[in-house]
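Peer 1: Below are the structure tokens for one structure; questions will follow.
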């Protein structure tokens, strides 16, 4: 009896140590985390210090971060003068792998942000004929314009294959959009990344009228994102899509 109890205790301790060690694995620089906001952000009601949260929408290759993992952050500053330009500063500082109690510290830049409507549109088949098919065979258009041909086809921009579909998203190598400041491959991280509903060169703001990404967090202050609007308010509803890119963890 004592031997059996000792074995159970040792196994429990071993699993706990493995889980803790696994959760502390640093995320490789350049890794992209595709997330959907759980917390609405409206500058008419936000205050500095409020917590925000997002959910990872696709398994992230080569990491313990799976679909359903949580990313945690905070509102850093809200400037919303009546009738004047609006400025929202926020950050994401940790990721909690799915079914883990541990959080991995995170410093990331914001590659792209898309409205709830843009996210919804990217999940609708482009042809009426596809609507009668199983969703695994739909053809859809990514945020940024690339096409996803499910059911054995590629992810493509025109005639050029840029990646492949996977459950809940796509795997592509990030590409440069020359009219935007986003980078393609970073350092030696040339592996295909999980971009969910975004094109390989998706960069900046999609579907959020008059909102501009003033600071993406790539430079000092690292990890801090600044969205601006010339007037009114900035509102990011629950379901807003984002691509976070790891600078360090």
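The values are calculated or read from the model by the stated rules, or taken from the named source; none is laboratory data. Since the structure is predicted, the reported quantities are computational estimates derived from the model, not experimental observations. Virtual Cβ from ideal backbone geometry, glycine too; neighbours counted across all protein chains shown.
Peer 1: Out of the residues in the stretch 73-111 meeting the condition of being in a loop (DSSP other than H, G, I, E, B) and in contact with a helix residue (DSSP H, G or I) (Cβ under 7 Å, 6 or more places away or on another chain), tell me which one is farthest from residue 222 (Cα to Cα).
Peer 2: Looking at residues that are in a loop (DSSP other than H, G, I, E, B) and in contact with a helix residue (DSSP H, G or I) (Cβ under 7 Å, 6 or more places away or on another chain), I get 100.
Peer 1: Which ranges mark the strands (runs of 3 or more DSSP E) fully within the stretch 170-249 that have 3 or more residues being touching a residue at least 12 places away in the same chain (Cβ under 8 Å) and crowded, with 18+ Cβ neighbours inside 10 Å?
Peer 2: 224-229, 241-248
Peer 1: Checking residue 138 against (1) over 30 Å from residue 231 (Cβ atoms); (2) surrounded by 16 or more Cβ atoms within 10 Å (Cβ to Cβ); (3) under 18 Å from the mean Cα position of the chain (by Cα); (4) at pLDDT below 95, which single condition isn't satisfied?
Peer 2: Result: residue 138 fails condition (3) only.
Peer 1: Looking only at the stretch 65-100, which residues are more than 20 Å from residue 239 (Cα to Cα) and either touching a residue at least 60 places away in the same chain (Cβ under 8 Å) or buried (at least 20 other Cβ atoms within 10 Å of the Cβ) (or both)?
Peer 2: Residues satisfying the conditions are 76, 78, 80, 83, 84, 85, 86, 87, 100.
Peer 1: Restricting attention to the stretch 153-167, and to residues there that are touching a strand residue (DSSP E or B) at 6+ places or on another chain (Cβ under 9 Å) and not in a strand (DSSP E or B), which single residue is farthest from residue 139 (Cα to Cα)?
Peer 2: The residue in question is 158.
Peer 1: Determine, yes or no, whether residue 62 is within 21 Å of the chain's Cα centre (by Cα), in a loop (DSSP other than H, G, I, E, B), modelled with pLDDT of 75 or more and over 22 Å from residue 114 (Cβ atoms).
Peer 2: Considered against the rule, which asks whether it is within 21 Å of the chain's Cα centre (by Cα), in a loop (DSSP other than H, G, I, E, B), modelled with pLDDT of 75 or more and over 22 Å from residue 114 (Cβ atoms), residue 62 comes out as yes.
Peer 1: Continuing with the same structure: Looking at 45, 67, 53, which one is under 19 Å from the mean Cα position of the chain (by Cα), within 25 Å of residue 208 (Cβ to Cβ) and assigned to a loop (DSSP other than H, G, I, E, B)?
Peer 2: Result: 67 is the single residue among 45, 67, 53 that is under 19 Å from the mean Cα position of the chain (by Cα), within 25 Å of residue 208 (Cβ to Cβ) and assigned to a loop (DSSP other than H, G, I, E, B).
Peer 1: Sticking with this one: If only one of 169, 207, 145 is touching a helix residue (DSSP H, G or I) at 6+ places or on another chain (Cβ under 6 Å) and under 20 Å from residue 241 (Cα atoms), which one is it?
Peer 2: 207 is the lone residue from the list that is touching a helix residue (DSSP H, G or I) at 6+ places or on another chain (Cβ under 6 Å) and under 20 Å from residue 241 (Cα atoms).
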